[in-house]
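The values are calculated or read from the model by the stated rules, or taken from the named source; none is laboratory data. Since the structure is predicted, the reported quantities are computational estimates derived from the model, not experimental observations. Here the Cβ is made from the backbone with ideal geometry for all residues, glycine too, and neighbour counts use every protein chain on show. With ligands, DNA and RNA removed, areas are computed over all heavy atoms of the protein, side chains included. Shrake-Rupley method; radii C 1.70, N 1.55, O 1.52, S 1.80 Å.
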Amino acid sequence: METVLSGIRSTGHLHLGNYFGALRNYIKMQDEYNCYFFIADLHSLTTHPHPADFHAGVRTILAEYLAAGLDPDKSALFVQSDIPEVSELYVLLNMIAYKGELERTASFKDKVRKQEDNVNAGLLTYPVLMASDILIHRANKVPVGKDQEQHLEIARVLARRFNKLYGADVFPEPQAFNFGSDLIKVPGLDGSGKMGKSEGNGIFLYDDEKSIHKKVMKAVTDSGPTEPNSKMPESIENIFTLLKIVSTPDTVAHFTEVYNNCSIRYGDLKKQLATDICKHTLPIRERIEEIYNDSDYLRKVAKAGCEKARESAQATLKEVRAAVGIKSF
Ligand code: TYM
């Protein structure tokens, strides 16, 4: 059976980008694959969170994973920092990752622009840690959104390079995955770009109905089309992209038609979009709080996940160490 692995950084609540780009696929995959899903808490340290917020962030994501439908009886659910083998593999992979290739990564360049006073080595080697997460379980498929495509390419490069350098066949090459279609980018509703935590434009699984409506009603629009069948500006296209993700094909067809014949009322479009987002998120939201407060359950889940993940990680690391020539006396 093929192995699947993926993770989400522990910074704040999960937003629609995380859910539709990644988590929804995790939930669908857990019946068919050998699954590992984790909380990338070490990755979140690049922005230096306060220690108290750091742990709360991990707890939030674990509770939201479970509320959204990840089942600890089917998948290993664990916390990245509970698996020390990942950090050891990270050290070893750093030796074969080149500064130039890491500097060329789009996400690194973006961070250099956004947090120029904190360009730490962890940011530069972020994709190496990510490759370690993936390769330590020899994952074949990695369900992620479009923004992670380049990181997956780096994981493949490092897997190939390691195998070649040490003449070993330790790592398979992991592929980004989204059920038979292209990886997706969930847009923000602030005019351009993707929805993201650091973009400040998130609609969260944790948001209540009122805030979802409020956020959607604030979406950037224009004064409306004046020519039939005109090309949509990016801000309107983004609303339609989200509509295609959350609404029925009939709804999308209706609003496309009224856009094309210039009779669209953006207020109606946004109201429909907000209502359809709520249909997906509110049943999840209902469960988050109760799970978040159930310390015994969270501890049990994380412990079982950690045991399963460490078993797999230790088996890989044993082969890695042997390939590199690390031996005890
Ligand atoms: P993170 O926490 O930024 O995002 C987690 C997942 O959500 C997806 N995503 C999106 N998909 C579509 N549209 C969006 N607007 C959007 N925003 C976020 C991301 O593609 C991702 O799948 N580096 C990773 C975490 C990570 C990881 C790994 C993932 C660490 N190690 C190993 C896979 C395998 C990250 O920062 O994701």
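The figures follow:
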| read-out | value |
| --- | --- |
| Radius 14 Å from Cβ of residue 240, net charge of other residues (Lys, Arg +1; Asp, Glu -1) | -2 |
| C-alpha long axis of helix 51-68 to longest principal axis of the chain, angle in ° | 70 |
| Charge dipole (debye, nearest 20) of the range 209-289; +1 at Cβ of Lys and Arg, -1 at Cβ of Asp and Glu | 340 |
| Cross-link partners of residue 111 among aspartates and glutamates (Cα-Cα below 13 Å; sequence separation of 8 or more within a chain) | 103, 199 |
| Calculated Rg and Dmax of the range 209-289 using C-alpha coordinates, Å | 13.5, 48 |
| Loop sites in the range 1-109: GluC sites (Glu not before Pro), DSSP, at most 12 other Cβ within 10 Å | 32 |
| The chain, Cα convex hull volume normalised per residue, Å³ | 155 |
| Relative contact order for the chain, counting Cα pairs under 8 Å that sit 6 or more residues apart, in percent | 24 |
| Residue order for 81, 312, 223 - accessible surface, 1.4 angstrom probe, largest first | 223, 81, 312 |
| More than 15 angstrom apart: percent of Cα pairs within the range 133-192 | 55 |
| Antiparallel DSSP beta bridges within the chain, as percent of all bridges there, nearest 5 | 10 |
| Partners for residue 270 among lysines (Cα-Cα distance below 30 Å; same-chain residues under 8 apart left out) | 28, 146, 185, 194, 197, 210, 214, 215, 218, 231, 244, 279 |
| Solvent exposure ordering (accessible area, 1.4 Å, most first) of 329, 177 | 329, 177 |
| Integer Hz, Karplus 6.51/-1.76/1.60 couplings in order for the range 235-248, x for Gly and Pro | 4, 6, 4, 4, 5, 5, 4, 5, 4, 5, 6, 9, 10, 7 |
| Where chymotrypsin sites (Phe, Trp or Tyr not before Pro) fall in DSSP loop in the range 34-120, at most 14 other Cβ within 10 Å | 98 |
| Counted charge near residue 47, where neighbours are those whose Cβ lies closer than 11 Å (Asp, Glu -1; Lys, Arg +1) | +3 |
| Descending semi-axes in whole angstrom, ellipsoid equivalent of the range 184-329, from the Cα gyration tensor | 45, 22, 13 |
| C-alpha long axis of helix 126-135 to longest principal axis of the chain, angle in ° | 70 |
| Sparsely packed trypsin sites (Lys or Arg not before Pro) within the range 218-312, loop by DSSP, other Cβ within 10 Å at most 14 | 218, 231, 265 |
